[in-house]
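The values are calculated or read from the model by the stated rules, or taken from the named source; none is laboratory data. These numbers were taken from a predicted model, which means no experiment stands behind them. Because the Cβ atoms are built from the backbone with ideal geometry, glycine has one as well, and the counts that use them run over all protein chains shown. All accessible areas refer to the heavy atoms of the entire protein, side chains included, with ligands and DNA or RNA removed. Shrake-Rupley method; radii C 1.70, N 1.55, O 1.52, S 1.80 Å.
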Amino acid sequence: MDFEVNDRKTMQAAIAALCRFLDEGGLSADRIFDSRLVASELLGNVFKHSDGIARLQGEIRDGFVEIAVWSSAAFVPPELSRCSDVYAEHGRGLYLVDRICEERTATDEGEIVVRIRI
């Protein structure tokens, strides 16, 4: 499945479609929740840190949910994430993504690919 995401409204529709796709694929509610959280964080970062449009791709492959998020204005997150201070208002999203996912990679072209073990 592949969706172009232009704003928060299309972001919500794309994430809902991803969840339906995963549900139809027989994934557990926990893995669907994890996938929703990861997709939401990664797409949210596109809109927070760049001015471009995004593309969301999702598939089930070899025992993993693979989610790819691409931004037309490349946003490459840091390789290592840290949890923000307890009093910080932001900065936990990528840390949560990294705790949920088995792996996260990013390209110079602005694509972030994560794998969540089923």
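Data table
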quantity	calculated
Answer from ASP85, ASP34, ASP51 - the residue that is at pLDDT 85 or above and either on the phi > 0 side of the Ramachandran plot or among the acidic types (Asp, Glu) (or both)	ASP34
In the stretch 13-45, residue surrounded by the most Cβ atoms within 10 Å (Cβ to Cβ) [restricted to those that are of a type in the set (Val, Ile, Thr) and under 18 Å from ILE112 (Cβ atoms)]	VAL38
Residue count, the stretch 46-71 (criterion: of a type outside the set (D, E, K, R), open to solvent by 30 Å² or more (accessible area, probe 1.4 Å) and not in a loop (DSSP other than H, G, I, E, B))	5
Number of the exception - CYS19 against (1) touching a Lys or Arg at 6+ places or on another chain (Cβ under 6 Å); (2) assigned to a loop (DSSP other than H, G, I, E, B)	(2)
Checklist (1) open to solvent by less than 60 Å² (accessible area, probe 1.4 Å); (2) β-branched (Val, Ile, Thr); (3) in contact (Cβ under 8 Å) with a residue 24 or more places away in the chain applied to THR10, failing item	(3)
Pairs where the first residue, in the stretch 96-118, is farther than 16 Å from LEU43 by Cα and the second is assigned to a strand (DSSP E or B), C-beta under 6 Å, 6+ apart	GLU102/ARG115; GLU102/ARG117; GLU103/ARG115; ILE116/VAL65; ARG117/PHE64
